Amino acid sequence: MEAAEPAELGERLQREHGTLWLHRLKDDPYAALLCDIDDDPGPLRERVLAAGPLWRSGPGPWVTADPATAAALLAHPGIGHVTALPGEAAVTDVRVPEGLGSLCARLLDAAGPEFDLVTDVAEPLAAGALAEVCAIREADRGRFAEALAACGVAQDAVVCPQRLATTRRLRTGLDELRSLLDGALPDAPGPATVVIAARAGADLVARTVLRARFPLSAREAGQTAEEALRAEPPGWIVPLVARTDLEVAGARIAAGERLAILHDGGPGAVTAPAHRALAPFHRGLAETVLAALADRYSQVRPATPVVRRPRAPLTRGPARARVRTTATPTVNSGAAGTITPTTADRRAAATTTPAAAALGARRGEAR
């Protein structure tokens, strides 16, 4: 990176973000959604829908929240999806690795009775699972986790300009990730796959646990993960691009122009191909964590308000979510009627994994 480039990049990012705020002040609902300061984006989506089936927003993209128009856009051969990491191989499915339960148990042992659900469990679990799938060397797993964390903004950066420091970390992290994956198995997932799998997987874990009602049975754990995946999709905006000149819903769209589909979740919500491909992996992560928590704790509840990641209108994921637990009492078989704490009540002497250590030192940037 040349000396002049950071200043030029910073000016461009600042100008683009300033443009969003300018159009927000002009009462553009899509621009307001991208500014990402509203905890409940529902009213803004309603305003987008009320503005018409497909209209051009102040920031530039054509926008729709209308299900019929969204279906027409997705079915049109002249429209394609905008990828988070252009030039990388398409996102593929990822298997849930063996030993995921053991990794989850080690993370929970190290976390103790009160912990940050995102940085202590969800992110290290996703990074550790992907490191196993990609056969990353044990000595490199800390670097792998740090690179994934730096690339976590990739999806949101497609629709919302990030800060200069965040953008530079994304570039550096992606270079590191490519280097590490070059030495992985021949059939290992590519950078785009692991970046989206890590971010969306950690987000689903956190959302699933936060919406769960403890105590839970194993069956309820699986149902809760499935419900969370349907109700809170991994991407609230589906970015598209016109490959040719075309006309949809009465709008003439030129080749190269961007489009955006907004949805409000639910079973019929539009999902990007990358998220559909990775849904089984994400579900596996969430079910594993819920099952482990249900086995250890009778209650898992927020200890402090959840803090969302800044400038994340597409993923809308949590940066911090501190929870407090109540251990499930067990009867000591050696003394009838004696109540002893479960292993979750004791700080384990087990060594924290490199991925957990790398992510544990990092905390999400709060607004």
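The values are calculated or read from the model by the stated rules, or taken from the named source; none is laboratory data. On a predicted model such as this, the values are computed, not experimentally measured, just so you know. Because the Cβ atoms are built from the backbone with ideal geometry, glycine has one as well, and the counts that use them run over all protein chains shown. The accessibility values were calculated without ligands, DNA or RNA, using every heavy atom of the protein model including side chains. Shrake-Rupley method; radii C 1.70, N 1.55, O 1.52, S 1.80 Å.
What the table below lists for this structure:
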item: Whole-Hz ³J(HN,Hα) from phi, Karplus 6.51 cos²θ - 1.76 cosθ + 1.60, for the stretch 65-73, glycine and proline x; result: 10, 8, x, 5, 5, 4, 4, 5, 5
item: Sites Arg219 and Arg15, calculated FRET efficiency, Cβ-Cβ separation with R0 56 Å, nearest 0.05; result: 0.60
item: Dipole of the chain, positive end: most advanced residue of Ala242, Val118, Val153 [Cβ charges, Cα centre]; result: Val118
item: Contact order normalised by residue count of the stretch 9-159, Cα under 8 Å, 6+ apart, percent; result: 15
item: 10 Å Cβ shell holding at most 12 others, DSSP loop, GluC sites (Glu not before Pro): longest site-free stretch of the chain; result: 99-367
item: Phi-based couplings in Hz for the stretch 13-23 (Karplus 6.51, -1.76, 1.60; Gly and Pro marked x); result: 5, 5, 5, 5, 5, x, 5, 4, 5, 4, 6
item: The chain - mean residue ellipticity at 222 nm from DSSP helices (-39,500 (n - 2.57) per run, n ≥ 4, rounded to 500); result: -14500 deg cm²/dmol
item: Distant-in-sequence amide H partners of Tyr297 (H built 1.01 Å from N, under 5 Å); result: Thr328
item: DSSP-assigned coil residues among trypsin sites (Lys or Arg not before Pro) in the stretch 165-263, each with at most 12 further Cβ atoms within 10 Å; result: Arg213
item: Stretchable slack from Asp93 to Arg276, in nm (0.36 nm times residue separation minus alpha-carbon distance); result: 65.0 nm
item: Å² of accessible area per residue within the chain, as computed with a 1.4 Å probe and no ligands counted; result: 45
item: Between the stretch 99-152 and the stretch 176-214, the Cα center-to-center distance that results, in Å; result: 10
item: For Leu259, residues with placed amide H under 5 Å, excluding near neighbours; result: Trp62, Leu240, Val241, Ala242
item: Mean Cα-pair separation over length for the chain, i.e. relative contact order, pairs under 8 Å, 6 or more apart, %; result: 25
item: Of all accessible heavy-atom area on the stretch 210-258, the percent that carbon and sulfur account for (1.4 Å); result: 45
item: Within the stretch 8-115, trypsin sites (Lys or Arg not before Pro) in DSSP loop having at most 10 other beta-carbon neighbours inside 10 Å; result: Lys26
item: Charge tally in the Cβ shell below 10 Å around Pro61, where Lys, Arg are +1 and Asp, Glu are -1, Pro61 excluded; result: +1
item: Of Ala228, Ala206, Ala75, the one that fluctuates the most in a GNM where the chain has Cα springs shorter than 10 Å; result: Ala75
item: Charge context of Gly190, other residues only, Cβ under 11 angstrom, K/R +1, D/E -1; result: -2
item: Selected from Ala312, Ala294, Ala145 as most flexible by GNM, with the chain as the system and alpha-carbon contacts under 10 Å; result: Ala294
item: ³J(HN,Hα), Karplus 6.51/-1.76/1.60, whole Hz, each residue of the stretch 209-222, x for Gly, Pro; result: 5, 5, 9, 6, 10, 8, x, 10, 8, 4, 5, 5, 4, x
item: Point-charge dipole on Cβ atoms (K/R +1, D/E -1) for the chain, about Cα centre, debye to 20; result: 640
item: Within-9-Å neighbourhood charge of Gly152 [Cβ basis; K, R +1; D, E -1]; result: 0
